[in-house]
Amino acid sequence: MSDTYPDNGTSPAAKVPRHVAIIMDGNGRWAERRQMLRIAGHKAGVDAVRRVVEVAGKRGIEVLTLFAFSSENWRRPKKEVGLLMDLFMVALEREVKRLNKNNVRLRIIGHIEGFSEKLQKRIHRAQALTADNTGLTLVVAANYGGRWDIAQAAKQLARRVEAGEIRADDIDAEMMNACMCLHDLPEPDLFIRSGGEMRISNFLLWQLAYCEMYFTDILWPDFNEGVIDDALASFAKRQRRFGRTGKQVIEGENNDA
Ligand code: IPE
Ligand code: IPE
Ligand code: MG
């Protein structure tokens, strides 16, 4: 598996992350500070998504993954969950046309079966419409949980063992990885969380193994080009070692032979 890690420490071109994954947090507080209802913050959050998708394309990022709704967000008041689902429906319909026009390929990851039939249909339609686009890949994590992702991968492998296709002893990290969401895309290079909390909140647990982390106090609806550029500048200054020494990375050595 170590051979598959990207080598951002040695190539100047690799100073722009190929894959950026963002926890879009702070919508509720943004609205509450303005004496508005929390849903107004979520609506303003959709505008921020539009801005960030545009900047990501301009900066040459290949994959942008956004955490929109976690498997734990069902625990919120019924009313907020209902309004979020409505907003998801409307945004899918309205934004997908724009995404398609901009050559963006949309993918949804998460336990989609947990959504209403109507929403599931709309998700499948949006993915099909943009499937052949060749620009930015926009991944939206909805009803996603990192632990759910790991468990569904384990289930796939267990089924193959049951069917006699593989032996339990054959299972390694690489095989597991092939069953995880996003396995066919470059691994996330840069993780950003807005809203001031410094936690992962069950986002991409497996995929973030060697990801660079960036936290900002900016609330998601205020997120803009400047914040992305600050995060990209911070990323560009870092040396990614993937377990090696700094000297090895500078000299481009693969081992100490
Ligand atoms: C993130 O904003 C959006 C979702 C989780 C759907 P929040 O709604 O968590 O905003 P805060 O953290 O309460 O401010
Ligand atoms: C994480 O934010 C989930 C999304 C942004 C979709 P939360 O606001 O739900 O995270 P916690 O509950 O503060 O950890
Ligand atoms: Mg929050």
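The values are calculated or read from the model by the stated rules, or taken from the named source; none is laboratory data. Small disclaimer: the values here were computed from a predicted structure and weren't measured. Cβ atoms come from the backbone with ideal geometry, glycine included; neighbour counts cover every protein chain shown. Accessible surface areas use protein heavy atoms only, side chains included; no ligands, DNA or RNA. Shrake-Rupley method; radii C 1.70, N 1.55, O 1.52, S 1.80 Å.
Overview of values
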read-out	value
Evaluation of Val161 against (1) more than 23 Å from Trp30 (Cα to Cα); (2) touching a residue at least 12 places away in the same chain (Cβ under 8 Å); (3) more than 16 Å from ligand 3 (Cβ to nearest atom) (one fails), failing number	(2)
In segment 50-71, the residues that are part of a helix (DSSP H, G or I) and open to solvent by 50 Å² or more (accessible area, probe 1.4 Å)	Arg50, Arg51, Glu54, Lys58
From Glu174, Glu165, Glu187, residue being under 19 Å from Ala141 (Cβ atoms) and of a type in the set (D, E, K, R)	Glu187
Check on Ile166, modelled with pLDDT of 95 or more and either more than 16 Å from ligand 3 (Cβ to nearest atom) or surrounded by fewer than 16 Cβ atoms within 10 Å (Cβ to Cβ) (or both)	yes
Among the residues listed as Arg199, Arg147, the single one being of a type in the set (Lys, Arg) and either in a loop (DSSP other than H, G, I, E, B) or at pLDDT below 95 (or both)	Arg199
Pick from segment 183-200, criterion in contact with a helix residue (DSSP H, G or I) (Cβ under 9 Å, 6 or more places away or on another chain) and within 16 Å of ligand 2 (Cβ to nearest atom), ranking: farthest from His42 (Cα to Cα)	Ile200
Residue list for segment 25-39, filter: away from ligand 3 (no atom under 12 Å from the Cβ) and under 23 Å from the mean Cα position of the chain (by Cα)	Ile39
Lone unmet requirement of (1) within 16 Å of ligand 1 (Cβ to nearest atom); (2) open to solvent by less than 20 Å² (accessible area, probe 1.4 Å); (3) at pLDDT 95 or above for Trp74	(2)
First in segment 67-88 and closer than 13 Å to Arg38 by Cβ, second anywhere and in a strand (DSSP E or B) and not acidic (Asp, Glu), Cβ under 7 Å, 6 or more apart	Leu84/Phe69
Looking only at segment 183-204, and only at residues there that are open to solvent by 10 Å² or more (accessible area, probe 1.4 Å) and within 18 Å of Arg147 (Cα to Cα), the one that is nearest to ligand 1 (Cβ to nearest atom)	Ser201
All positions within segment 208-249 that are of a type in the set (S, T, N, Q), within 17 Å of Val55 (Cα to Cα) and in a helix (DSSP H, G or I)	Ser234
Any hit, segment 167-179, residues being among the basic types (Lys, Arg) and in a loop (DSSP other than H, G, I, E, B)	yes
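Residue-by-condition table, conditions (1) of a type in the set (D, E, K, R); (2) open to solvent by 30 Å² or more (accessible area, probe 1.4 Å):
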residue: Leu87; (1), (2): no, no
residue: Glu95; (1), (2): yes, no
residue: Arg98; (1), (2): yes, yes
residue: Gly110; (1), (2): no, no
residue: Lys121; (1), (2): yes, yes
residue: Gln127; (1), (2): no, yes
residue: Thr134; (1), (2): no, yes
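Table: residues versus (1) within 14 Å of ligand 2 (Cβ to nearest atom); (2) at pLDDT below 95; (3) surrounded by 15 or more Cβ atoms within 10 Å (Cβ to Cβ).
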{"residue": "Ala21", "(1), (2), (3)": "yes, no, yes"}
{"residue": "Gly28", "(1), (2), (3)": "yes, no, yes"}
{"residue": "Arg33", "(1), (2), (3)": "no, no, no"}
{"residue": "Lys43", "(1), (2), (3)": "no, no, yes"}
{"residue": "Ala48", "(1), (2), (3)": "yes, no, yes"}
{"residue": "Phe115", "(1), (2), (3)": "no, no, yes"}
